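Data block below; observations after.
The values are calculated or read from the model by the stated rules, or taken from the named source; none is laboratory data. What you see is a predicted model, and the numbers here were worked out from it, not measured in a lab. Reconstructed Cβ throughout: ideal geometry from the backbone, glycine too, with neighbour counts over all protein chains shown. We work out accessible area using only protein heavy atoms, side chains counted, and drop any ligands, DNA or RNA first. Shrake-Rupley method; radii C 1.70, N 1.55, O 1.52, S 1.80 Å.
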Amino acid sequence: MISRIERRLTIAAGAFCLGGIVLFVCLAAAALLAFDEPGSADDDVLFDAYVWRVARFTLLQASLSTVLSILFAILVSRALARQAAFPGRVWIIRLMALPLGLPALVVALGLIGIWGRQGVLNTALVAVGLDQPVSVYGLSGILVAHVFFNMPLAARLMLGGLERIPGEYWLVGANLGMRPLSIFRFIEWPAIRGLLPGIAGLIFMLCATSFTLVLTLGGGPAASTIEVAIYQALRFDFDPPRAIALSLLQISVTAALLIAIRLLTPTADEGHGGGRRVRRFDGRRGLGRAVDWLVIAFAVLFLALPLGSVVSSGLRSDLVRLASDPVVQRALLTSVVIALMSGLLCVLSAALMIRARQAALSPRRPAMVYRGLAAGNLCQFVAGAVGAAGRSGGGLVSAVAAARRCRPFCAAFGHPDQHVDGAALRLSRAGAGNGHPYGPNGEACRQPRARRLASPAADRLAGVAQAVADGPVVCLRLVTRRSRGGGAVRFAGYGDAALAAVQPHGRLPLDRCGGTGAVSRLRLPGADDCRHATGRGG
Amino acid sequence: MRKAIIPFLGPFIAAVAALATPFSASAEDKVLTVYTYESFTSEWGPGAKVVEAFEKTCGCKVSYVSVADGVELLTRLKLEGASSKADIVLGLDTNLVSEAKATGFFAPHGVDTSAVKVPGGFTDDTFVPYDYGHFAVIYDTETMKEPPKSLKELVEGDPNQKIVIEDPRTSTPGLGLLLWVKSVYGDEAAAAWGKLKDRVLTVTPGWSEAYGLFTKGEAPMVLSYTTSPAYHMVAEGTDRYQAASFSEGHYIQIEVAGMTKNAKDPALAKDFLSFVTGLEFQSIIPTTNWMMPVAATKEPLPEAFGKLVTPEKTFLMSSDEVAANRKAWIGEWLAAMSKN
């Protein structure tokens, strides 16, 4: 526990950073507003039709880009999480850090090297005898480019989330014989779901403020974002009030979307484990493994080919001479210095804001939770929408988004005395064959599912709950019920260990499982202190 | 261009730059502050040679403040207002002249420009032209055997032979093409854009993106300058890329320099303006800025320049006309190009 003063200091530091960012943006906006340039009133008609069209397109392309990036990222991160031993996995994950660090023009040319009219894809198509080239220019090109930029970002964030799932979950999942779909539904999806608002919001902002890629690959002015209109307003037109009005429009579109995402996806709890080494048991052979490998291979090709195209044109242009050129070296030094300094600044202010948010989150003042959330979001979309100094702004946003996921596990772990170290359930069934008589995770409690799974053998359940290692004990209650021609086995674990493991995110309250039918208490090996965890029903 | 929003931070950058610039120049008593665009001051640009040549004669120190391009120069001046440190502004083009004059920051130059020869005969009492180039469609001789011989042929040609153009909302060449089409087609410009639209592979935010796509082989044509082939011939030794000569004539871009009203040393500023039309400066321009000189050079231009297209007719709209109609014409362009 932190002291009251520490807590206040932490909050003050975070508020200071947030205030600094807001002040920075507002001062710039105010300075621009101070210019009283005439001439913005006479073209209001043009403004309206044009701006609404541009806003609509911004919304369309950014939403599609976000959805596609996230769907692709879910597949990739899941495949990578399951295939811990994939050759070169570490390098693949490092490769995924690359796209965001590249200038948009370089990426556009790299993508065109693959997807363009003279690109690898079309050349291959012509070689097979198809003569109509696939045209990348248009919405499809914008989407390809945005997925190229943002899928790796999303996948890395999600992979982090998947890897934070406690090892107990996988043990239990494996012991329950969960199928991949169930694993996804009950273990992986809840972990990903919690990350989605942050990731989706971040990607949406990056895509909504995209400029070079949208124009270059968009094929014509029908593909213009609000960002283009802002640039136009400040450049040839020099009309600061209009630029600010457009920026506000952009910020409100983004804010509305962020709020919508936040409302639509309830925040999920982080899983809480005992910190055992995480080992997954699924996707080790057969179809699952093949699919994972295919997904990873596809993602690697998708990312590496355009990068390769960039590298190969780089090599052709006398890299050695360039590298030894003092101008290039000076530019490199400048880049490194600026990147380091802004990176440091971003991480520092993000860390301060996160700590402040945590301090504000303390249970004493629940209202602050929401204010904290609001503050976090605010700085996300302000930084994104204003795109403050391009990359460094993006860095701040990613840092905030990433770090917001890392809430300490203790935050929601209400019973410190019910540790889950090593608690794992091993249920075996006499004559266990294929099939999953218990259903994945408490699902069996539901009657229809239970009926489907029922088998007489289940009644002869030799339930052994094993407390692996030396952790506190899991108390297991097996409930046998006969109903309509079949027996179903239900189980319920008492204590947070089993709860956390079997019901990762509290999807099914324990009460719904307990209470009916004959109860067979199993005496577990070394389960003398069962009382410790059996709050009820024991 | 990803940093499109940087103008947003203009005041801050201006403040930082203003704090940073005087230090480098405090050694000399007389300092001439020249605002210009980045490609002028880059290592490959004319900047360093120009400083060297001018400092030999003026007994002063030249200090550059550079921004992305000509359009941003004007924005910068408007943002800084009367507090601007600029003595000289070098790099506006003729389209911006009337807007620049309207700011009231510029003083008449009073330089004798009788030796200056620009196609179309541009003269002005506030701005001195220092180089020019004609816009042109550059084509790849390897993929295009029969380039268009006129703007009409470009507009009506085979839609499968694509061209990459720049956006008039964000770039000078893009605006140049808009004015070119307007000069040739007049009221029919919208219809012409409607036809040309099918030949346009994509519209890029700036020249670099368009030229990058072109040299990558994505399209056999790109909108650039008549001088672009000279660069390929001199710097790369290839004559693969050539400019298409259009029978109607070509639109011209003239780059100009002017002195500000609050120049610290008006005589020095005036000296610089007559220097930019002089022999030394004009000799530096062609192979560093890749534009045509407006007056005599020490040596004849490199052979490659002799092979360039020299337009028989030059289009140039008055900057007043451009300033008055630009928004409406861009609206017309948007409507024509966005139709399906």
For peptide A:105-111, the mean count of other chain Cβ atoms within 10 Å per residue Cβ is 3
Please give the Cα centre distance for the stretch B:267-325 versus the stretch B:51-101, rounded to the nearest Å. 17 Å
Magnitude of the Cβ-charge dipole of the stretch B:259-340, K/R +1 and D/E -1, about the Cα centre, nearest 20 debye? 300 debye
Residue by residue through the stretch B:226-238, which ³J(HN,Hα) values in whole Hz follow from phi under the Karplus form 6.51 cos²θ - 1.76 cosθ + 1.60 (θ = phi - 60°), with glycine and proline marked x? 4, 7, 4, x, 4, 4, 4, 6, 6, 7, 10, x, 10
Delta accessible area of at least 20 Å² on complex formation, residues of the stretch A:180-219, 1.4 Å probe, chain isolated as reference: A:PHE211, A:THR212, A:LEU215, A:THR216, A:GLY219
Give me D for the stretch B:197-295 in µm² s⁻¹, whole number, from Stokes-Einstein with Rh from the Kirkwood sum over alpha-carbon pairs, 4 °C and 1.567 mPa s. 78 µm²/s
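Report the A-B buried area as the accessible area lost on both sides summed, probe 1.4 Å, in Å² to the nearest 100. The partial results should precede the final answer.
Numbers: alone 27520 and 15840 Å², together 38540 Å².
Approximately 4800 Å², summed over both chains.
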Count the lysine pairs in the stretch B:100-235 that are 8 or more places apart or on different chains: how many have C-alpha atoms under 16 angstrom apart? 11
If you take the square roots of the eigenvalues of the alpha-carbon gyration tensor of the stretch B:237-340 and sort them as a ≥ b ≥ c, do you get rounded (a/c under 1.5), prolate (a/b over b/c) or oblate? oblate
Once amide H atoms are built 1.01 Å from N in the peptide plane, which residues 5 or more positions from B:ALA107, or in another chain, come under 5 Å H to H? B:MET259, B:THR260, B:LYS261
Against the longest alpha carbon principal axis of chain B, how many degrees, from 0 to 90 and to the nearest 10, is the axis of helix B:266-276 turned? 40 degrees
Assuming 0.36 nm per residue, please report the length gained on full extension of the stretch A:GLU6 to A:ARG164 beyond their Cα-Cα distance. 54.0 nm
Computed [θ] at 222 nm, deg cm²/dmol, chain B (DSSP H ≥ 4; -39,500 (n - 2.57); rounded to nearest 500): -12000 deg cm²/dmol
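Hey, can you find the accessible area per residue of the stretch B:287-340 for me, probe 1.4 Å, expressed in square angstrom?
Counting only protein heavy atoms, the per-residue value for the stretch B:287-340 is 54 Å².
What number, in percent, do you get for the relative contact order of chain B if the mean sequence gap of Cα pairs under 8 Å and at least 6 apart is divided by its residue count?
25 percent
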For the pair A:LEU301 and B:THR297, how long in nm is the line joining their label points, each one 7 Å along Cα→Cβ? 5.1 nm
From other protein chains only, count the Cβ atoms within 10 Å of every residue's Cβ in A:234-246, then give the mean. 5
